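Notes to accompany the following structure.
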Amino acid sequence: MKPVVLDTNILLDIFVFNDERALQLKKALFDKATQFLASQKTIEEFVDVISRPLFKLDKQTQKAILAQWQSIAEQQDDSNLASAPWQCQDPDDQIFLDLAYQLRPTILISKDNAVLQIAHKAASENILITSDYNAFRL
């Protein structure tokens, strides 16, 4: 099985929205049979997003969500991360591409159109970028 990188939108579906489409993915997270990867910068992005007033999460809930994710994800040092050969239109999402590129072969699950547009280029580098919540099974 390839290791999996989850972008912030997917993490929101799992930890905040309890999206039905993400149920099997959430189960896989807690089963710990699949390797999920994160880095300090991807975690910082997640922290920034869940702290936004839009989500109405109090500090305690934010900390609990973050602690859950950090207990599951294998954290990679991103201080020496090689840049992916493609640039994402959204600079906040570049770190997910860089992490997937550094640790390839990998699967990057995302709902972000700017990330998904790079899928065909990433495929030649043995990176599957997909919006399929069940791609972790590949």
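The values are calculated or read from the model by the stated rules, or taken from the named source; none is laboratory data. All figures in this text were calculated on a predicted structure; none of them were measured in a lab. Neighbour counts run over all protein chains shown; Cβ positions are idealised from the backbone, glycine included. Accessible surface is based on the protein model in full, side chains and every heavy atom, while ligands, DNA and RNA are left aside. Shrake-Rupley method; radii C 1.70, N 1.55, O 1.52, S 1.80 Å.
Restricting attention to segment 16-49, the residues being of a type outside the set (Asp, Glu) and either open to solvent by less than 20 Å² (accessible area, probe 1.4 Å) or closer than 21 Å to Tyr101 by Cα (or both) number 16. A residue that is of a type outside the set (A, V, I, L, M, F, W, C), modelled with pLDDT of 95 or more, part of a loop (DSSP other than H, G, I, E, B) and out of contact with any helix residue (DSSP H, G or I) (no Cβ under 9 Å at 6 or more places or on another chain) occurs nowhere in segment 62-82. Within segment 71-105, restricting attention to residues that are among the polar types (S, T, N, Q) and open to solvent by 50 Å² or more (accessible area, probe 1.4 Å), the residue that is nearest to Leu128 (Cα to Cα) is Gln102. In the set (1) touching a residue at least 60 places away in the same chain (Cβ under 8 Å); (2) surrounded by fewer than 18 Cβ atoms within 10 Å (Cβ to Cβ), Gln68 fails one condition alone, (1).
If I filter segment 41-53 for residues that are under 20 Å from Ala135 (Cβ atoms), part of a helix (DSSP H, G or I) and at pLDDT 95 or above, do I get at least one hit? Yes, the conditions are met somewhere in segment 41-53. The single residue among Leu29, Leu81 that is in contact (Cβ under 8 Å) with a residue 12 or more places away in the chain and more than 15 Å from the chain's Cα centre (by Cα) turns out to be Leu81.
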